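Some notes on the structure that comes next.
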Amino acid sequence: MHSFHYNDGSLHCENVSLSALAEKYGTPLYAYSAGTIRDHFQKLDQAFSGVDHEVAYAVKANSNLSVLRLLVEMGSGFDIVSGGELFRILKAGGDPAKCTFAGVGKTRAEIEYALEQKIYSINVESEEEAAFINEVAGEMNVTAPIAFRVNPNVDAKTHKYISTGKSENKFGIDFDLIAGAYERASKLPNLQLKGLQMHIGSQLTAVDPFVEAVEKVAPLAAQLKSDYGIQFFSIGGGIGIVYDPALESGKADWWESQPEESRPLTPQKYADSVIPVLEPLGLKILLEPGRFIAGNAGVLLSRCLYEKKGTAKTFKVVDSGMHQLIRPALYEGYHEIVPVTEPAADGTVESVDVVGPICETGDFFCQNREIASFQPGDLIALMSAGAYGMVMASTYNSHPLPAEILVDGDEARLVRERQTFEDLIAPELL
């Protein structure tokens with residue numbers, strides 16, 4: 001599941017000591033495992049080997065250039081949601097012809113940039129957007145390849161902020177309206193109807209919602225292929241990862257002893273469930289994983305500054321917070337928190353709040369959680385922080401952004417320098 005483990009009493013990423021990285025580069029510090037990224041990409045790619053497909057990594061999950069370069073080298077496609085993400089792909093050596101551009105609010109400048117770079121497809125979220133893309137493409141004297149995003153109205157049974165496939169969500173075109181959208185778009189002279197896209201949400205831990213959505217939309221894809229010659233069907237991303245500490249052991253033999261329904265959703269289980277529906281379509285299948293590839297591949301290292309004991313709670317104050325990992329505050333997201341120095345088997349467990357330095361009550365990593373004891377000066381690791389961590393970080397309260405490290409076997413490379421105070425104010429003018 002990941003490449004983080006205790007070795008000689010200290011937490012390691014692959015073969016590199018995290019405490020050594022913290023001493024060299026300081027904290028807070030993000031560290032990523034190249035081996036985990038490769039492993040997760042390959043498992044999903046191999047699971048779908050029975051059909052024509054492409055794994056298109058969702059850049060929004062972790063957009064560090066070196067992470068993107070690693071995926072470029074593996075032949076990945078890319079799911080982008082901004083002109084800035086397309087720029088990153090190009091800087092990482094990626095091929096724009098392997099990029100699909102999603103998102104409900106693309107600007108004229110972004111659409112022009114995407115068309116200039118000749119990306120594979122623009123995933124369109126409304127008929128109004130399709131008409132605008134047709135207008136822009138006409139002005140540029142080009143044909144824009146598009147795929148409408150259909151909203152299948154399937155409940156992904158995930159957090160309401162990351163559910164995207166229900167009719168009340170802002171994404172896509174209602175299933176009942178999509179056929180008409182294609183019919184009208186087919187009459188616009190500067191559009192090529194290249195595919196169909198859907199995505200029902202993120203952090204799905206059961207296969208049933210995927211199957212329900214694919215079974216509902218597959219007949220539509222078949223009809224669109226017949227009527228308009230579409231070439232691909234994108235079934236989105238959303239495969240969940242394991243965040244819970246009881247599940248973070250990474251021990252395959254432990255999972256094998258568990259009932260099938262309680263095991264995590266694996267790429268093979270996902271593929272086995274949806275390929276029988278997809279294969280008869282004869283379309284290229286696009287997959288758009290982000291969290292699945294990067295999530296368990298990263299940790300955020302932080303150092304404990306103070307212990308504050310009150311009448312109601314014990315607070316462990318650390319040098320990172322919601323400004324550098326916002327998931328607990330924004331999504332009520334869970335991250336396992338472990339000391340970097342391996343605790344004794346019979347070591348002390350405390351019920352604590354782990355909180356950061358930001359002047360917000362919502363600045364916490366956990367509340368009332370029983371975790372292995374650690375003291376001021378000790379290092380902790382927030383596990384499974386490789387996705388939606390650094391990409392959502394801010395400089396709130398004028399805290400500089402942390403550094404990032406990519407570990408590959410015995411090698412650890414600095415892939416983002418820590419911001420300085422001068423970096424914080426560099427774009428500002430007096």
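DSSP assigns beta bridges within the stretch 34-290; of those with both partners inside it, close to 5 percent run antiparallel. Counting only the backbone N, which residues of the stretch 369-413 are under 16 Å from the spot 7 Å out from the Cα of VAL349 toward its beta-carbon? So the set is 369-374. Ordering of 272-280, 413-421, 312-320 by packing is 312-320, 272-280, 413-421, highest average first (other Cβ atoms within 10 Å, averaged per residue). With a cut-off of 14 Å between beta carbons, the residues surrounding ASP227 carry a summed charge of +3, where Lys and Arg count +1 and Asp and Glu -1.
Find how many whole Å separate the alpha carbon centroid of the stretch 131-154 from the alpha carbon centroid of the stretch 21-57. When both Cα centres are located, 31 Å separates them.
For the stretch 181-224, the equivalent ellipsoid derived from the Cα gyration tensor has semi-axes of 28, 12, 7 Å, listed largest first. The HN-Hα couplings worked out from phi for the stretch 388-396 by the Karplus form 6.51 cos²θ - 1.76 cosθ + 1.60 (θ = phi - 60°) are 6, x, 4, 5, 9, 6, 9, 9, 4 Hz, whole numbers, x standing for Gly and Pro.
With 0.36 nm allotted per residue and the present C-alpha distance subtracted, the ILE425-ASP174 stretch has 85.9 nm of extension available.
Evaluated on the stretch 34-290, the Kirkwood hydrodynamic radius is 18.7 Å, with distances taken between all distinct Cα atoms. In this structure the amide hydrogen of GLY77, modeled in the peptide plane, comes within under 5 Å of the amide hydrogens of VAL55, ALA56, TYR57, none closer than 5 places in sequence on its chain. Take the Cα of GLU411, step 7 Å toward its Cβ, do the same at SER17, and the gap between the two points is 2.2 nm.
Comparing ASP363, ASP410, ASP45 in a Gaussian network model of the chain where C-alpha atoms under 10 Å apart are linked, the largest mean-square fluctuation is found at ASP410. Centre-to-centre, using Cα atoms only, the stretch 351-377 and the stretch 168-227 are separated by 43 Å. Helix-only arithmetic for the chain: the sum of -39500 (n - 2.57) across DSSP H runs with n ≥ 4, divided by the residue total, places the mean residue ellipticity at 222 nm at -8000 deg cm²/dmol. Spin-label model, MET392/ASP52: points 7 Å from Cα along the beta carbon direction are separated by 3.7 nm. Taking max minus min of the alpha-carbon positions on each principal axis, the chain gives extents of 68, 63, 43 Å, largest first.
Which residue fluctuates the most in the chain, going by a Gaussian network model with Cα springs under 10 Å, if the choices are ASN141, ASN151, ASN62? Comparing ASN141, ASN151, ASN62 in the GNM, the peak value goes to ASN141.
Less than 5 angstrom separates the built amide H of TYR120 from those of LYS98, CYS99, all sequence-distant by 5 or more or on a different chain. Plainly put, the stretch 1-77 has a radius of gyration that is 1.06 times its Kirkwood radius, both from alpha-carbon atoms, as the Rg/Rh ratio. Under a 5 Å amide H cut-off, with hydrogens placed 1.01 Å from N, ILE230 pairs with LYS225 among residues at least 5 apart or on other chains. For the stretch 296-304, backbone phi angles converted through the Karplus equation (6.51, -1.76, 1.60; θ = phi - 60°) give residue-by-residue couplings of 7, 8, x, 9, 10, 8, 9, 10, 6 Hz, Gly and Pro being listed as x. Taken as Cα centroids, the stretch 79-122 and the stretch 325-344 sit 33 Å apart, rounded to the nearest whole angstrom.
Computed from the coordinates by the stated procedures, all read-outs in this text should not be read as laboratory data. Model, not experiment: these values are computed from the prediction. Neighbour counts run over all protein chains shown; Cβ positions are idealised from the backbone, glycine included.
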